[in-house]
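Engineer: Quick one: structure below, then a few questions.
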Amino acid sequence: MQTTDTPFHKGERAAQLRAGAGDMARRVAPFIRDFMPDQHRAFYQDQPFLVVASGDAEGRVWATIVEGSDGFIRSPDAHTLTLAGAMDPQDPLAKALTAGADIGVVGIELATRRRNRLSGRTRPTDAGFAIDIRQTFGNCPQYISERDWWRVPHPTRPTSQSAAQLSAAQIAHIQAADTLFIGSGHHSAEQAASNGYDASHRGGAPGFVQVVSPTRLRIPDYSGNNFFNTIGNLIEDPRVGLLFVDFATGGLLHVSGRATIDWAPQEARDPSALRVIEVTIERVLDRREALGLRWSKTPMPTRKLVVTAKTKEAEDITSFTLSAQDGAPLAPFKAGQHLPIALEGPTQRAKLRRSYSLSGPAHEGSYRITVKREPQGLASRMLHSKIAVGDVIDAKPPAGDFVIPDNSSPLVLISAGVGLTPMVAMLHEALHQNPNRPVWFLHGTRNRRHHALRTEVAKLISDAPNATSRVFYSQPDPDDLLGQHYDAQGRITAQEVLALTAGAQAHYLLCGPAGFVTALTSGLEAQGVPMAQIHSETFGG
């Protein structure tokens with residue numbers, strides 16, 4: 001049953017529990033807001049398009065793209081987006097959105113792999129339509145293939161074709177796709193914030209969507225943020241909309257149908273797939289050259305990086321130092337950014353694509369990633385057990401916007417577990433730029449056996465006149481010495497952070513598991529720290 005203290009409806013909570021995500025509703029509720037932080041408002045206003053999902057007059061669910069000229073998206077306040085311009089009348093959602101309808105939105109920046117999601121309701125305006133927001137939250141960048149975009153003159157007569165099943169050409173398009181967008185919905189009798197539609201991104205190696213027949217698709221579901229918005233919706237309402245984009249021509253292939261969830265797939269071609277969404281197609285709409293946007297045909301090129309050092313940092317954490325195989329300089333990065341890598345998968349069918357935060361100094365000309373070995377993690381287990389010094393891996397340029405906000409304000413760097421990796425890079429960068437900058441480094445872990453990079457951090461702190469560290473062990477071993485190996489027993493709290501008296505201008509950067517980040521964020525906000533001065537990134541669910 002939907003309650004007032006959770007942003008998730010019963011289908012989402014059922015999916016979370018079945019997948020073993022635990023009490024996700026309580027842990028991540030503070031991440032799901034009814035308003036947009038300033039950084040999300042700015043993000044949406046920079047986008048040339050939005051992916052949206054809703055229902056038509058016949059009750060079918062569709063996903064589509066709404067595009068416009070520069071600046072067509074505005075955010076007059078934290079609860080509203082406005083979109084200017086007319087939608088193509090052939091768009092399956094044109095009438096519904098411009099008249100007023102529930103809507104799900106994912107804003108996705110393929111060039112940088114950033115994305116945010118929201119849901120709300122549209123209302124008509126003189127210029128187009130507005131979205132009044134119910135729920136909004138950020139998303140991790142996994143499985144997004146980077147692409148640059150540009151505009152072409154918009155076609156004067158885009159063509160469309162409707163059918164009840166896929167044609168041979170449409171099947172070929174889906175079999176070559178590495179990206180799809182999926183729309184789903186949920187409407188309960190209660191007027192809950194979770195009512196409405198959700199638009200979501202799915203990605204993988206080309207062909208990750210299996211075409212079983214002209215009326216049946218199988219979509220793998222990988223490890224993600226554990227919110228289960230899509231699958232939770234489909235448990236409650238099987239109606240689903242899919243969107244495949246032809247990035248080279250601006251064509252949109254819309255599919256509407258009904259879905260079921262295979263929780264223990266025996267036919268999954270990709271061992272990373274935890275579940276499979278089975279879609280029975282009811283309607284297909286093929287809109288050729290529907291958009292005036294174009295994207296690069298293939299993902300951004302990769303570079304060959306050679307492992308020059310492999311260093312055990314803690315019981316379950318290892319660092320990998322990487323240099324360019326061809327000896328040329330590496331692309332620069334900012335502390336806090338991540339490195340997208342690709343490893344050869346166990347079946348050779350598809351590479352394992354992951355992003356790991358860069359943990360080393362940004363000014364030394366090499367990359368370092370520091371990886372925790374996860375018991376069920378295919379990529380992390382491969383890195384720990386099979387990748388050795390001299391091995392070569394594929395990587396794309398560093399990306400991400402979780403970076404130090406400026407070069408002068410006091411910094412409070414707060415992490416838990418392997419969440420310390422971007423914080424160590426930030427500590428390096430902050431003290432390299434300004435050794436006198438006030439910096440506090442707070443880290444929580446179980447005990448000294450799990451405390452990675454501790455000697456490196458201690459040396460940086462001791463060499464900086466205005467840098468301070470505090471280490472928290474939640475389960476110290478008998479030989480872990482209080483005052484020598486750690487400073488306090490327990491977990492980092494907002495009260496502990498505010499006791500540092502970092503000052504009104506301080507920026508707080510948080511990284512770790514979702515529950516850790518949400519609790520600290522809520523605590524700091526409750527004590528009056530402005531939202532604009534709290535920056536976070538989560539690891540894992």
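Quick grid of which residues meet (1) in a loop (DSSP other than H, G, I, E, B); (2) surrounded by fewer than 21 Cβ atoms within 10 Å (Cβ to Cβ):
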| residue | (1), (2) |
| --- | --- |
| PRO329 | yes, yes |
| LEU339 | no, no |
| HIS363 | yes, yes |
| VAL371 | no, no |
| HIS384 | no, yes |
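Engineer: Which of the strands (runs of 3 or more DSSP E) found entirely inside region 88-185 contain at least 2 residues meeting this: loosely packed, with under 15 Cβ neighbours inside 10 Å and modelled with pLDDT under 95? Lay out the reasoning, then the answer.
Structural biologist: Numbers: elements: 102-109, 114-124, 128-138, 149-151, 159-163.
Fully inside region 88-185 and qualifying: 149-151, 159-163.
Engineer: Let me ask something additional. Report, by residue number, each residue of region 470-506 that is surrounded by fewer than 14 Cβ atoms within 10 Å (Cβ to Cβ) and within 33 Å of the chain's Cα centre (by Cα).
Structural biologist: Answer for region 470-506, where residues must be surrounded by fewer than 14 Cβ atoms within 10 Å (Cβ to Cβ) and within 33 Å of the chain's Cα centre (by Cα): GLN475, GLN489, GLY490, GLN495, ALA499, THR501, GLY503, ALA504, GLN505.
Engineer: Say whether the condition of being at pLDDT 95 or above, within 20 Å of THR318 (Cα to Cα) and not in a helix (DSSP H, G or I) is met by at least one residue in region 399-419.
Structural biologist: yes
Engineer: Can you list residue pairs whose Cβ atoms sit under 7 Å apart, with the first residue in region 83-107 being in the same structural domain as PHE49 (by TED's automatic domain parsing) and the second being assigned to a helix (DSSP H, G or I)? Count only pairs 6 or more apart in sequence or on different chains.
Structural biologist: If the second residue must be assigned to a helix (DSSP H, G or I), the pairs left are MET87/ALA94; MET87/LEU97; MET87/THR98; ASP88/ALA94; ILE103/LEU97; GLY107/PHE43; GLY107/TYR44.
Matching residues to (1) β-branched (Val, Ile, Thr); (2) under 30 Å from VAL497 (Cβ atoms); (3) touching a residue at least 12 places away in the same chain (Cβ under 8 Å):
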position: GLY336; (1), (2), (3): no, yes, yes
position: GLU344; (1), (2), (3): no, no, no
position: ALA362; (1), (2), (3): no, yes, yes
position: LEU378; (1), (2), (3): no, no, yes
position: SER409; (1), (2), (3): no, yes, yes
position: VAL412; (1), (2), (3): yes, yes, yes
position: SER415; (1), (2), (3): no, yes, yes
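Engineer: Also, I was wondering about something else. Restricting the first residue to region 318-332 and requiring it to be under 14 Å from LYS304 (Cβ atoms), which pairs with a second residue that is hydroxyl-bearing (Ser, Thr, Tyr) and in a strand (DSSP E or B) meet a Cβ separation below 6 Å and a spacing of at least six or different chains?
Structural biologist: Close Cβ pairs satisfying both conditions: LEU322/TYR367; SER323/THR308.
Engineer: Only one of ALA458, ALA464, ALA452 is closer than 22 Å to GLY360 by Cα, among the hydrophobic types (A, V, I, L, M, F, W, C) and without any contact (Cβ under 8 Å) to a residue 24 or more places away in the chain. Can you tell me which?
Structural biologist: Unique residue meeting the criteria: ALA458.
Engineer: When the residues of region 186-206 are narrowed to those that are within 19 Å of the chain's Cα centre (by Cα) and over 14 Å from LEU242 (Cα atoms), which ends up surrounded by the fewest Cβ atoms within 10 Å (Cβ to Cβ)?
Structural biologist: Among residues in region 186-206 that are within 19 Å of the chain's Cα centre (by Cα) and over 14 Å from LEU242 (Cα atoms), the one surrounded by the fewest Cβ atoms within 10 Å (Cβ to Cβ) is ALA205.
Engineer: Considering only residues that are at pLDDT below 70 and either not assigned by TED's automatic domain parsing to the domain that holds THR80 or not in a loop (DSSP other than H, G, I, E, B) (or both), which ones fall in region 14-30?
Structural biologist: MET24, ALA25, ARG26, ARG27, VAL28, ALA29, PRO30, listed by residue number.
The values are calculated or read from the model by the stated rules, or taken from the named source; none is laboratory data. What you see is a predicted model, and the numbers here were worked out from it, not measured in a lab. Heads up, the Cβs are rebuilt from the backbone with ideal geometry, glycines too, and the neighbour counts pull from every protein chain shown.
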